[in-house]
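A.B. asks: Dumping the structure here so I can ask a few things about it.
The values are calculated or read from the model by the stated rules, or taken from the named source; none is laboratory data. It should be emphasised that the depicted structure is a prediction, and the values quoted were computed from it without experimental measurement. Cβ atoms come from the backbone with ideal geometry, glycine included; neighbour counts cover every protein chain shown. Surface accessibility is based on the protein's heavy atoms, side chains included, excluding ligands, DNA and RNA. Shrake-Rupley method; radii C 1.70, N 1.55, O 1.52, S 1.80 Å.
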Amino acid sequence: MSLRQTLSEFYPPKPTFTDKDLEDLGGKVYLITGGTSGIGFILAKTLYSKNAKVYITSRSAASGEKAISEIKESAASSHGELRYLVMDLGDLQTVVPAVKSFLAQETLLHTVWFNAGVMKVPSGSISKQGYELQWGTNVVGHFVMNKLLMPILLTTAQVAPKGSVRVVWVSSDGHSLLSPKGDGIDWEDITTRKSEGWKGEKGSMTYYGQSKAGNVLLAMELAKRYGNEDIIGVSLNPGHLKTNLQRHSNSALAKRFEGLVLHDPSFGALTELYAGFSDAIGTDNNGVYIIPWGRVGKIRQDIEAGFHHRGTGKKLWEILEKETEEYVLTA
Ligand SMILES: NC(=O)c1ccc[n+]([C@@H]2O[C@H](COP(=O)([O-])OP(=O)(O)OC[C@H]3O[C@@H](n4cnc5c(N)ncnc54)[C@H](OP(=O)(O)O)[C@@H]3O)[C@@H](O)[C@H]2O)c1
C-alpha cells in the first residue's frame with residue numbers, strides 16, 4: 001500500500017457510485033450490523049429508500065425501534081420493510097439467538113454488511129467471552145454471525161445474479177497504519193482469553209488495527225473458501241468520518257486532528273454501497289479491498305504476503321472456528 005493510496009484515503013476523490021446507480025431493491029433482503037448510528041444507519045436508509053427489506057442490529061430494543069422509526073420517516077414512500085435484531089457482538093450468547101431469529105424469518109439473504117464496530121475502547125476492556133473488546137466485537141462476533149449465515153447465503157447465491165451475494169467486512173486503514181507488523185495479528189494474543197484486571201499492554205489503537213486486519217483477512221479467506229459457490233467477500237475502509245466511533249477519543253489533540261480529517265458519514269455509506277453493489281467487484285477479484293468513496297485499493301504488503309505465502313487467512317479462520325465452535329455447533 002503506497003503513501004499515495006494512504007493520502008487518497010484521507011482525502012478521496014469524488015464518489016462515482018451513488019444511490020442513483022442502484023436499481024430497485026424490492027424483494028431483496030439485506031442485513032447490516034450496527035444500523036443504529038453512523039455509516040450503517042445511513043446505508044440502511046439508502047437500501048430502504050430503494051424498497052429493500054432491511055435488517056439492522058441494535059444493542060437494545062429501544063435503540064432498534066428508534067432507528068427504524070427515523071429510517072421510515074426518511075423515506076415515507078418506500079415499499080420496503082425494516083426489522084431489527086437485538087445483539088451485543090461482544091457477547092456471543094446474544095449473537096446466536098439473534099441470528100437464529102433472522103433465519104426463522106427469512107429464506108434468502110442477498111448481502112450482509114459486518115459494519116458494527118468499536119474503536120479506542122479503554123485499555124484492558126474485554127468482551128463477555130474474554131477477548132480484547134475490539135477483537136471480540138469487530139472480529140469474533142462477526143465470525144460467528146458469518147458461520148451461522150453461510151447456509152442462507154449459499155442458498156441465495158443459487159438463485160441470485162452471479163456475483164451479487166456478498167459478505168462485506170468493514171475494516172479501516174487502521175488495518176494498515178496500526179496493526180502489528182508482519183501478519184497484522186499477534187497470534188498468541190488472539191487465542192489467550194483475558195480476565196478482569198488485564199491491562200491491555202499493546203495500547204487500544206494497536207488492538208483496533210489488529211481487529212481491522214482480522215476483517216481484511218476474513219474477507220479474503222471467505223472469498224477463497226466460497227468463491228466457487230459464487231459468494232463474494234469484500235473488505236473496505238469506509239473513510240475517515242464524523243460518527244460516534246470517536247466517542248472514546250477525548251484528548252484536545254485528537255479532537256483537533258479529527259477536525260482536519262473527518263468527513264460527513266454519508267460518504268462512508270457510499271463506500272459500503274459500492275462494496276455491496278458495484279459491478280467492478282466480482283468473481284475475478286473476489287476478496288478485494290475497497291477504499292473511499294468506492295475504489296479498488298490495496299492492503300498492506302506484509303499482510304497480503306502473509307495471506308498468500310504464510311496461510312494467515314486459513315490460520316485465522318481455523319483459530320476462530322475452534323474458539324467459537326461451542327456457540328456455532330449448538331446453534
Ligand atoms: N468513522 C470512521 O472514521 C471509520 C473509519 C474507518 C472504519 N470505520 C468502521 O466503520 C464501522 C462503522 O462505524 P461508524 O463510524 O459508523 O461508528 P458508530 O457511529 O459508532 O456506529 C457503530 C455501530 O456499531 C454498533 N456497535 C458498537 N458496538 C457494538 C456491539 N458490541 N454489538 C453490536 N453493535 C455494536 C453501534 O451500536 P450502538 O448505537 O449501540 O453503539 C453502532 O450502531 C466500524 O466497523 C468502524 O470500525 C469507521
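A.B. asks: Just one of the numbered conditions (1) in contact with a strand residue (DSSP E or B) (Cβ under 9 Å, 6 or more places away or on another chain); (2) within 16 Å of the ligand (Cβ to nearest atom); (3) not hydrophobic (A, V, I, L, M, F, W, C) is not true of E221; which one?
C.D. replies: Of the numbered conditions (1) in contact with a strand residue (DSSP E or B) (Cβ under 9 Å, 6 or more places away or on another chain); (2) within 16 Å of the ligand (Cβ to nearest atom); (3) not hydrophobic (A, V, I, L, M, F, W, C), the odd one out for E221 is (2).
Yes/no per residue for (1) over 30 Å from G182 (Cβ atoms); (2) in contact (Cβ under 8 Å) with a residue 60 or more places away in the chain; (3) in a helix (DSSP H, G or I):
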residue	(1), (2), (3)
E258	no, no, yes
A269	yes, yes, yes
I290	no, no, no
I299	no, yes, no
F307	no, yes, yes
I319	no, yes, yes
K322	no, no, yes
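A.B. asks: Output the residues belonging to the range 15-56 that are free of Cβ contacts under 8 Å to residues at least 60 places away in the same chain, open to solvent by less than 10 Å² (accessible area, probe 1.4 Å) and not in a loop (DSSP other than H, G, I, E, B).
C.D. replies: Within the range 15-56, A44, L47, V54, Y55, I56 meet the criteria.
A.B. asks: For the range 62-92, enumerate the residues that are assigned to a helix (DSSP H, G or I), closer than 21 Å to T243 by Cα and within 12 Å of the ligand (Cβ to nearest atom).
C.D. replies: A62, S63, G64, K66, A67
A.B. asks: For the structure I just gave you, tell me whether S123 is under 21 Å from G40 (Cβ atoms), surrounded by fewer than 20 Cβ atoms within 10 Å (Cβ to Cβ) and more than 16 Å from the ligand (Cβ to nearest atom).
C.D. replies: No: the conditions fail for S123.
A.B. asks: Go through the range 178-219 and report how many residues are basic (K, R) and either in contact with a Pro (Cβ under 6 Å, 6 or more places away or on another chain) or under 30 Å from I232 (Cβ atoms) (or both).
C.D. replies: So the count comes out to 2.
A.B. asks: State all residues of the range 289-323 that are out of contact with any His (no Cβ under 9 Å at 6 or more places or on another chain), within 14 Å of T6 (Cβ to Cβ) and crowded, with 17+ Cβ neighbours inside 10 Å; if no residue qualifies, say none.
C.D. replies: Of everything in the range 289-323, those that are out of contact with any His (no Cβ under 9 Å at 6 or more places or on another chain), within 14 Å of T6 (Cβ to Cβ) and crowded, with 17+ Cβ neighbours inside 10 Å turn out to be I291, R295, G297.
A.B. asks: Counting just the residues of the range 278-288 that are open to solvent by 10 Å² or more (accessible area, probe 1.4 Å) and β-branched (V, I, T), which one comes out farthest from the chain's Cα centre (by Cα)?
C.D. replies: T283
A.B. asks: Does the range 62-79 contain any residue that is open to solvent by 20 Å² or more (accessible area, probe 1.4 Å) and either over 30 Å from L22 (Cβ atoms) or among the β-branched types (V, I, T) (or both)?
C.D. replies: Checked the range 62-79: at least one residue is open to solvent by 20 Å² or more (accessible area, probe 1.4 Å) and either over 30 Å from L22 (Cβ atoms) or among the β-branched types (V, I, T) (or both).
A.B. asks: I would also like to ask the following. Kindly state which helices (runs of 4 or more DSSP H) lie completely within the range 134-230 and contain at least 2 residues that are at pLDDT 95 or above, surrounded by fewer than 24 Cβ atoms within 10 Å (Cβ to Cβ) and β-branched (V, I, T).
C.D. replies: Output list reads 142-159.
A.B. asks: Here is a further query. Any idea which of (1) touching a strand residue (DSSP E or B) at 6+ places or on another chain (Cβ under 9 Å); (2) under 28 Å from D24 (Cα atoms) is the one L270 doesn't satisfy?
C.D. replies: Failing condition for L270: (1).
A.B. asks: All but one of (1) of a type in the set (A, V, I, L, M); (2) touching a helix residue (DSSP H, G or I) at 6+ places or on another chain (Cβ under 6 Å); (3) more than 9 Å from the ligand (Cβ to nearest atom) hold for M150, so report the exception by its number.
C.D. replies: Every condition holds for M150 apart from (2).
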